[in-house]
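Okay, so here's the structure we're looking at.
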Amino acid sequence: MTPPTVGSLVDGLDAWADRALEELRGHRALDVTFYTLTALADHSLLWMLIAAAQALSSRRRAWALGTMAALGAESVLVNGVIKTAFRRRRPISPDHEHPLALRYPRSSSFPSGHTSAAFAALVLLGRTRRSRLVLAPLALAVGLSRVYVRIHHASDVLGGAVVGAVYGTLARRILEAILR
């Protein structure tokens, strides 16, 4: 028996996730929820709005503004550098209709930039246990939304989560050093 390759394991994960979500697609409430969430996370808008809300508190203003700058840099890194290196095709197919409006990105599928930004924001904005309890499910839902709307493979989302968490951790350390 030939041992599985990394590629076959990744393909298997992606196919399994797509089949699991296929049973949920087409339910109006889920469609509206996931399409809206994925649109809100375009260009890190959701995370920028949360950071802007935190900036309204003078106590958190510098951190929130630093977070916004770090998220801008994360977008350039992921969408401009990392995706260019991978050039993975997206799971967009003419056979799949999208029930709601959806922005079709032209960049590579790997890693998911939406998910990377979500996990970077989770690390940067989730400075308390309470805020992490709110932001973690939101970050996970953004990642799931990308597979649900068929713009990313599940492995793109996993890769994006890792990239975002690592980037967010490094950016957090830099911000802490700057803001001391």
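Only DSSP H runs of four or more residues enter the estimate; each adds -39500 (n - 2.57), and after division by the residues of the chain the mean residue ellipticity at 222 nm equals -21500 deg cm²/dmol. Compute the helix-to-body angle for 113-125: its Cα long axis versus the longest principal axis of the chain, expressed 0 to 90° and rounded to tens. Compared with the principal axis, the helix lies near 30 degrees. Measuring between their Cα centroids, region 116-180 and region 54-79 lie 13 Å from each other. Note on the chain: with charges restricted to the Cβ of Lys and Arg (+1) and Asp and Glu (-1), its dipole about the Cα centre is near 880 debye. Placing unit charges on each Cβ (+1 for Lys and Arg, -1 for Asp and Glu) gives the chain a dipole about its Cα centre, and among Leu170, Gly80, Trp63 the Cα reaching farthest toward its positive end belongs to Trp63. Considering only alpha-carbon pairs that sit under 8 angstrom and 6 or more positions apart, the relative contact order computed for the chain is 28 percent.
Multiplying the residue separation of Arg59 and Leu170 by 0.36 nm and subtracting their alpha-carbon distance yields 37.7 nm. Between Ala141, Ala85, Ala41, the Gaussian network model of the chain with springs among Cα atoms under 10 angstrom shows the greatest mean-square fluctuation at Ala85. Helix 28-40 axis versus longest C-alpha principal axis of the chain: approximately 50°, rounded to the nearest ten. Helix 61-75 and the longest principal axis of the Cα set of the chain meet at an angle near 30°. Here the mean projected area of the convex hull built on the C-alpha positions of the chain is 12.2 nm². Taking GluC sites (Glu not before Pro) as exposed when their DSSP state is a loop state and no more than 13 other Cβ atoms lie within 10 Å, the longest site-free interval of the chain runs over 98-180.
Bear in mind that the values in this text are calculations on the coordinates, not laboratory data. Since this is a predicted model, take the numbers as computed values, not measurements. All Cβ positions, even for glycine, are placed from backbone atoms using ideal geometry, and neighbour counts span all protein chains on display.
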